[in-house]
Amino acid sequence: MDLTSLGIVRKQGKLYTTSQYRDSVYGEDVRKSDGFYFREWEPKRSKVAAAILKRFDNLPFHRDSRILYLGASTGTTVSHLSDICNAGQIFAIEKAYDPFVKLLSLSQRRNNIYPILEDAGIPGRYRFFVERAEIIYQDVAQRNQVQIFNANAEAFPEAREALLILKIRAISSKGNEEDILKTETGKIEGFSTMQVINLNPYSKANYMLYLKRK
Ligand SMILES: C[S@@+](CC[C@H](N)C(=O)[O-])C[C@H]1O[C@@H](n2cnc3c(N)ncnc32)[C@H](O)[C@@H]1O
C-alpha cells in the first residue's frame, strides 16, 4: 500500500497526514515543512491510524473517495480522512448533539466534510443527502453494530468497500473475544471479510474489518 501518494507520512514510528490546514483538531502536534502542514495521527485516538501501524494493508481510500462515515463523534478520524481524501467528500453521521456541535464547527473550517445529525440505524433518514457513497466506515458503540452496518449496506448499494470497527465489549461485556468476533462477523450481509486487524494495544477489544461487496 502506497501511503505516500495519500500524503500519509511515517517518521520515527509516528504517523502524520499532510494537511492544507494549520489547526490542531484534537490537540495533536502540527508541524510545517516545505510549505505543508503535517498533523500527527495518533493511533490511540484514531482506529485507522492504529490499523496502519498494525500492518493493515488494504486502506481503501483515494484522493477523491466519497465516504459514508457512521459514528463521526467530534471528527477526530474524520479530520484525517478529510486530509487524505482532499478531493473527495465525507458524509459524517453522528447522533449525539454535543460531539456534533464540534463536528459542525470542523466542517465549517474544511470544504469536504458534510455533517449530518442522525441515527445511523435509520439510513432512510439521510439516504437522500449522501451522494454516491463508495466506502462505508463505521465506528459506533452499539450492541447491534452489525445490524446497523447491514442496514446501511442495503441502503447504499453503490458502496463497494467498507471498514467496520467491531467493538466487542459493546456487544457483550462477558464472553470470549474471539468467539464474539466470529459470531458477529458471520452476521455481516452482502460483504465478504477480506482482512481483520486486532487494534490492541492502541484500542482494546476493538477490531477493524476490511469488507468487499460480494
Ligand atoms: C467511538 S466514538 C467514534 C469515534 C470516531 N469514529 C473517531 O475515530 O474519531 C462512537 C460515536 O458513535 C456515536 N453513535 C453511537 N450510536 C450511533 C448511532 N446509532 N448513530 C450515529 N452515531 C452513533 C456516538 O455518539 C459516538 O460519538
Exercise. With an 8 Å cut-off on Cα pairs and a minimum separation of 6 or more residues, tell me the relative contact order of segment 43-213 in percent.
Key: 22 percent
Self-check item: For peptides 187-196, 82-91, sequence by mean Cβ density within 10 Å, most packed first
Solution: 82-91, 187-196
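Wrap a convex hull around the Cα atoms of segment 60-130, take a quarter of its surface area, and give that in square nanometres. Can you show the working numbers first?
Details: hull surface 17.2 nm².
It is 4.3 nm².
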Exercise. Would you work out if segment 43-213 is rounded, prolate or oblate? Take a ≥ b ≥ c from the square roots of the eigenvalues of the alpha-carbon gyration tensor; rounded if a/c is under 1.5, else prolate when a/b is larger than b/c, oblate otherwise.
Key: rounded
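Divide by every residue of the chain the summed helix terms, -39500 (n - 2.57) for each DSSP H run of at least 4, and state the resulting mean residue ellipticity at 222 nm, rounded to the nearest 500 deg cm²/dmol. Write down the numbers at each step before the final one.
Numbers: 6 runs with 53 residues, N = 214.
It lands at -7000 deg cm²/dmol.
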Exercise. Using a Gaussian network model of the chain whose springs link C-alpha atoms within less than 10 Å, name the residue from P115, P99, P123 with the highest mean-square fluctuation.
Key: P99
Practice problem: Decide, for segment 1-93, between rounded, prolate and oblate: order the square roots of the alpha carbon gyration tensor eigenvalues as a ≥ b ≥ c, take rounded if a/c falls under 1.5, and otherwise choose prolate if a/b is larger than b/c, else oblate. | Solution: rounded
Practice problem: Would you calculate the separation in nanometres between label points at I122 and N150, each defined as 7 Å from the Cα along the Cα-to-beta-carbon direction? | Solution: 2.0 nm
Quiz prompt | Gaussian network model of the chain, springs between alpha carbon atoms under 10 Å - residue of D34, D139, D64 with greatest fluctuation | solution = D34
Practice problem: Between D179 and D34, take the C-beta separation as r, use R0 = 45 Å, and let me know the FRET efficiency to the nearest 0.05. | Solution: 0.35
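Let me make sure I get this right: for segment 162-214, a, b and c are the square roots of the gyration tensor eigenvalues over alpha carbons, sorted descending. Under 1.5 in a/c it's rounded, otherwise prolate if a/b > b/c, else oblate. Which is it? Please report the intermediate quantities before stating the final value.
Values: a/c = 2.48, a/b = 1.45, b/c = 1.71.
Because a/c hits 1.5 or more and a/b fails to exceed b/c, segment 162-214 counts as oblate.
Where a number appears in this text, it was derived from the coordinates with a stated rule and is not lab data. What you see is a predicted model; the values in this text were computed from it and never measured. All Cβ positions, glycine included, derive from the backbone under ideal geometry; neighbour counts span all protein chains shown.
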